[in-house]
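Heads up, the thing below is written out as structure tokens.
The values are calculated or read from the model by the stated rules, or taken from the named source; none is laboratory data. Predicted model, so just to flag it, every value in this text is computed and none were measured. Cβ coordinates were reconstructed from backbone atoms using ideal geometry, including for glycine residues, and neighbour counts include every protein chain displayed. Side chains included, ligands, DNA and RNA excluded: accessible areas come from the protein's heavy atoms. Shrake-Rupley method; radii C 1.70, N 1.55, O 1.52, S 1.80 Å.
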Amino acid sequence: QVQLVESGGGLVQPGGSLRLSCAAPGSIFSRYGMGWYRQPPGKQRELVAGFTTRGETTFSDSVKGRFTLSRDNNKNTMYLQMNSLKPEDTAVYYCNADNGRELIWGQGTQVTVSS
């Protein structure tokens, strides 16, 4: 079974920063669109940011200007740099791979923004 391995979550104060990582098998990383979703407590999962298969990036309006997306093709790893974190960013963050026919999810990593 294909695995996406997330890391980097934790507890941070408002205004702080965290960097999430998602490692994928090379066959997935190079051929799938990769993205980050999050699920706040009691709410539905939502797209945060992602790369299309053409390498274009997209961000939700709620994180534009605060979050950045990057990837290291040598390490088959995608990163989500989260700055100026707010309490409303609290959620379980999931890495996702999508080729239009298959969706693959990571196990999720908790991000809690609280003073």
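For the subset of the range 66-86 comprising residues that are open to solvent by less than 80 Å² (accessible area, probe 1.4 Å) and without any contact (Cβ under 8 Å) to a residue 12 or more places away in the chain, which member is farthest from residue 25 (Cα to Cα)?
70
Since residue 31 meets every condition but one in (1) surrounded by fewer than 17 Cβ atoms within 10 Å (Cβ to Cβ); (2) modelled with pLDDT of 95 or more, which condition does it not meet?
(2)
Across the range 46-65, what is the number of residues that are part of a loop (DSSP other than H, G, I, E, B), open to solvent by less than 70 Å² (accessible area, probe 1.4 Å) and in contact (Cβ under 8 Å) with a residue 24 or more places away in the chain?
Total satisfying the criteria: 2.
Counting only residues that are closer than 22 Å to residue 16 by Cα and in a strand (DSSP E or B), how many does the range 85-105 have?
So the count comes out to 5.
Restricting to the range 66-84, name every residue that is under 18 Å from residue 12 (Cβ atoms) and part of a strand (DSSP E or B).
Scanning the range 66-84 gives 67, 68, 79, 80, 81, 82.
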